[in-house]
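Reading through the structure tokens given below for one structure.
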Amino acid sequence: MGKAIGIDLGTTNSCAAIFENGRPRLITYKGGETTIPSVFAIDEQGNRLVGHEAKRQAQLNPNNTVYGAKRLMGRNYHSKTIDKIRQVFTYELREGEQSEVLIKVKDQIFTLEQISAAILRKIKEVAEESLGEQVDQAVITVPAYFNDRQRQAVRTAGVFAGLKVLRVLNEPTAAALAYGLGRNLESRVAVYDLGGGTFDISVIDIKDRIFEVVATGGDTFLGGMDFDDRIMQKILEDFYKKHNIDLSINRVAIQRIRDAAETAKISLSEVSSYTIEIPAITTTEEGSFNINITITRDTLNEWCMDLVDRTIATCTRIIKEAGCTVKDVDEMLLVGGQSRMPLVQQKVQEFIGKAPSKGVNPDEAVAIGAAMMAHSLSSSSAEADYGPTLLDVLPMPIGINKVDGTMHVLFNKNQPLPDYKTRTLTTSKDNQRSIMLRLYQGDSKMCDENEQLGTFIFSGIRPAPKGQVQIEVTFHIDSEGILNLTAKDKATGQTVQQTLQMGGNITPGGKSSKVKTAAAKPKKPAAKPGVAPSPLMMGSSLANSVAPAGGEDPASDVSDGPSEPQAVTAEDTAAAAEPTATATAPKVTPVAPTTTAAKTTPAPTTAVTPVKPPEKKGFWAWLKSLFGLG
């Protein structure tokens, strides 16, 4: 058996750590670097690049360089968040057969799990080169506010990367492990985690080796990228005022400005003034134009004040949900690269009433905590007895839709995990053979404002008069916050067949969800990829315009779910009766486990069309052969 590592899979940068010789340490990349940019690209020669190699060529190849993919994971293509992302990202998004988000790079189509798998595989290769041993196990961290679909997508990416995923661990919890494990503490800490793409806040009670999450929350569309976006907008505005030229439709220019904005933001945490100089940003008949603009720290603070205030508002709400006040919090830990910003530290200090703790390194704490957990889960039983005990909570409510469009909550927010609930479904027609149920996750009372986790179809129900068949459904959420369902006929005790349609995702444990293939519906042409050609990109900031946990449910022929928890009925429709069609998958090109410079053969077409698996093989067997998982 190989080594087990902890991986901080970040929106902008990723890193890994290992626990050896009685202590954790970061794994170094060649040249001594400890982080790898979460960037994937295909260059002009068809080489697949990951990490530093991909980021170096991004300015000249923006259309085929994928960054920030973590923000897209588990999202429906038709959600409001994806509409906003399309205005800012320079690469092309496509819709899959089940309305999942796909990414077009060169002439090839990739799933988000594949993109993340390429980054994870790069981390795995770097770790193996550094350690001189095989790495085949990992604990992978995710934002605490990730929903069920996003967590499953990360776990699937780990499998595609050739890793046994020991656990999907919340980032604030990992940071608390790095801070408290082995210190024999008894205290309540709040972990303020502001990373490249997401924000989390968790209140955690530490009692020696027991880490109990009391309350958690956050915003999956608030992070360092939004601070970069503010600077980028101001640069575009300034250039337009000076030269009457709109650079927002120039993808190469946008990528160069984005990189310069990030550099300026980081520098302004150390200096009070910074000058951005970008030569030859564009050329017209009048000649070549440069960008030259000086930004002060005070100016940056003005531009980003509302973003920081949003994090403080979330902190206020979560501490209230924890049933305490700021005076009850012993330490506030700052985690994530964006937490290094002086304005952030100032606002947190004003909020908590004392200086934030310096007990953890903001850039390293999450990976260190994940490594400690990986060591505990992969060790012998004797060693594991001395490992940490984690008691986590559900970040967002999970429920089913009622006939009036509201959500009947099955699991409340901050529900301790694991947990389970049972509900009874019954037929509404004579000889009804199937029942359908939609599940949602989010903070809104309305289902269409939450993220749809999937549509469950219970089929093969025995014929009987309406109301006489009762199906007992057990909803189980494991310690990672991942939902599983089982169903049985209450009268016979026989298991009821269930299928799941959830945007083409693969369910945990290596089992596929049989998805009914509906007739193709005409789709509206996708918006032109890249930056929307609106003057100065006004209003394009995701942080301004995207709700923290919003989402839209595309039109569906699935009937509404129950209006009452104990007597649930559903209409029997032709689309749902006895679904037997073979599952299909979008045509994708897998990320082969080779070095980043390995040549690839471009796909013969860019169309996202279904690929039928061989009839004699199960869907999962076909998928494993497709990705070379054996």
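Within the range 180-191, the set of residues being touching a residue at least 12 places away in the same chain (Cβ under 8 Å) and either over 24 Å from T325 (Cα atoms) or in contact with an Asp or Glu (Cβ under 8 Å, 6 or more places away or on another chain) (or both) comprises L181, N184, L185, E186, S187, R188, V189, A190, V191. In summary, T34 fulfils each of the numbered conditions (1) in contact (Cβ under 8 Å) with a residue 60 or more places away in the chain; (2) under 21 Å from A365 (Cα atoms); (3) open to solvent by less than 10 Å² (accessible area, probe 1.4 Å); (4) not acidic (D, E) with the single exception of condition (3). Is it the case that L247 is under 23 Å from T198 (Cβ atoms) and hydrophobic (A, V, I, L, M, F, W, C)? No. Pairing each residue of the range 155-168 that is in contact (Cβ under 8 Å) with a residue 60 or more places away in the chain with any residue that is open to solvent by 10 Å² or more (accessible area, probe 1.4 Å) and among the aromatic types (F, W, Y), provided the two are 6+ apart or on different chains, yields C-beta distances under 8 Å for F160/F627.
Can we say K327 is without any contact (Cβ under 8 Å) to a residue 12 or more places away in the chain, exposed (fewer than 14 other Cβ atoms within 10 Å of the Cβ) and on the phi < 0 side of the Ramachandran plot? Give the steps one after another, and end with the answer.
On the way: without any contact (Cβ under 8 Å) to a residue 12 or more places away in the chain: no; exposed (fewer than 14 other Cβ atoms within 10 Å of the Cβ): yes; on the phi < 0 side of the Ramachandran plot: yes.
Judged against the criteria, K327 is not a match.
Restricted to the range 52-109, and to residues there that are aromatic (F, W, Y) and under 24 Å from D259 (Cα atoms), the residue that is nearest to the chain's Cα centre (by Cα) is Y67.
Is it true that G6 is modelled with pLDDT of 95 or more, under 22 Å from the mean Cα position of the chain (by Cα), under 30 Å from Y179 (Cβ atoms) and not in a strand (DSSP E or B)?
On the way: modelled with pLDDT of 95 or more: yes; under 22 Å from the mean Cα position of the chain (by Cα): yes; under 30 Å from Y179 (Cβ atoms): yes; not in a strand (DSSP E or B): no.
No, not satisfied.
In the range 159-204, the qualifying residues are those that are over 24 Å from G353 (Cα atoms) and part of a strand (DSSP E or B), and the one that is most open to solvent (accessible area, probe 1.4 Å) is K164. Of the residues making up the range 331-358, just one is over 21 Å from G180 (Cα atoms), free of Cβ contacts under 8 Å to residues at least 40 places away in the same chain and assigned to a loop (DSSP other than H, G, I, E, B), namely G353. Pairs are defined by a Cβ separation below 7 Å, a sequence spacing of at least 6 or placement on different chains, a first member in the range 125-142 that is over 21 Å from G10 (Cα atoms) and among the polar types (S, T, N, Q), and a second member that is open to solvent by 20 Å² or more (accessible area, probe 1.4 Å) and in a strand (DSSP E or B); the pairs so defined are Q134/K3.
For the range 400-443, residues that are within 18 Å of T216 (Cβ to Cβ) and either charged (D, E, K, R) or touching a Ser or Thr at 6+ places or on another chain (Cβ under 9 Å) (or both) total 6.
Take the conditions open to solvent by 20 Å² or more (accessible area, probe 1.4 Å) and modelled with pLDDT of 95 or more and apply them to E113. Does it pass?
Working: open to solvent by 20 Å² or more (accessible area, probe 1.4 Å): yes; modelled with pLDDT of 95 or more: yes.
Answer is yes for this residue.
For G387, indicate whether it is touching a His at 6+ places or on another chain (Cβ under 9 Å) and buried (at least 23 other Cβ atoms within 10 Å of the Cβ). Quick ask: steps written out before the conclusion?
Working: touching a His at 6+ places or on another chain (Cβ under 9 Å): yes; buried (at least 23 other Cβ atoms within 10 Å of the Cβ): no.
So G387 does not fit the description; no.
Scanning the range 397-450 for residues that are open to solvent by 20 Å² or more (accessible area, probe 1.4 Å), part of a loop (DSSP other than H, G, I, E, B) and under 22 Å from G467 (Cα atoms) turns up K402, V403, D404, S428, K429, D430, N431, R433. Against the test of being modelled with pLDDT under 95 and among the small types (G, A, S), the options A365, A384, A371 yield a single qualifying residue, A384.
Counting just the residues of the range 104-151 that are part of a strand (DSSP E or B) and aliphatic (A, V, I, L, M), which one comes out nearest to N47 (Cα to Cα)? Even if it seems obvious, please write down each step before you answer.
Initially, the range 104-151 is screened for residues part of a strand (DSSP E or B), giving 104-105, 108-111, 135-142.
Next, only the ones that are aliphatic (A, V, I, L, M) stay: 105, 109, 135, 138-140, 142.
Details: V105: 11, I109: 15, V135: 25, A138: 27, V139: 29, I140: 27, V142: 29 Å.
Among residues in the range 104-151 that are part of a strand (DSSP E or B) and aliphatic (A, V, I, L, M), the one nearest to N47 (Cα to Cα) is V105.
Considering every residue within the range 2-16, establish whether at least one is surrounded by fewer than 24 Cβ atoms within 10 Å (Cβ to Cβ) and among the β-branched types (V, I, T). Yes, because at least one residue in the range 2-16 is surrounded by fewer than 24 Cβ atoms within 10 Å (Cβ to Cβ) and among the β-branched types (V, I, T). Note on the range 465-499: residues that are in a loop (DSSP other than H, G, I, E, B) and open to solvent by 10 Å² or more (accessible area, probe 1.4 Å) total 13. Here no strands (runs of 3 or more DSSP E) wholly within the range 9-98 include at least 2 residues being within 21 Å of D229 (Cα to Cα) and touching a His at 6+ places or on another chain (Cβ under 9 Å). All of N21, N61, N47 fail the test of being open to solvent by less than 30 Å² (accessible area, probe 1.4 Å) and without any contact (Cβ under 8 Å) to a residue 40 or more places away in the chain, apart from N61. Taken over the range 221-266, the criterion of being under 30 Å from V189 (Cβ atoms) and touching a strand residue (DSSP E or B) at 6+ places or on another chain (Cβ under 8 Å) is satisfied by L222, G223, G224. Taking the range 205-304 as the region of interest, the strands (runs of 3 or more DSSP E) fully inside it that hold 1 or more residues being open to solvent by less than 10 Å² (accessible area, probe 1.4 Å), at pLDDT 95 or above and within 30 Å of G442 (Cβ to Cβ) are 210-219.
The values are calculated or read from the model by the stated rules, or taken from the named source; none is laboratory data. What you see is a predicted model, and the numbers here were worked out from it, not measured in a lab. Neighbour counts are summed over all protein chains in view; Cβ atoms, including those assigned to glycine, are modelled from backbone coordinates with ideal geometry. Note: accessible area is taken over every heavy atom of the protein model, side chains too, but ligands, DNA and RNA are not part of it. Shrake-Rupley method; radii C 1.70, N 1.55, O 1.52, S 1.80 Å.
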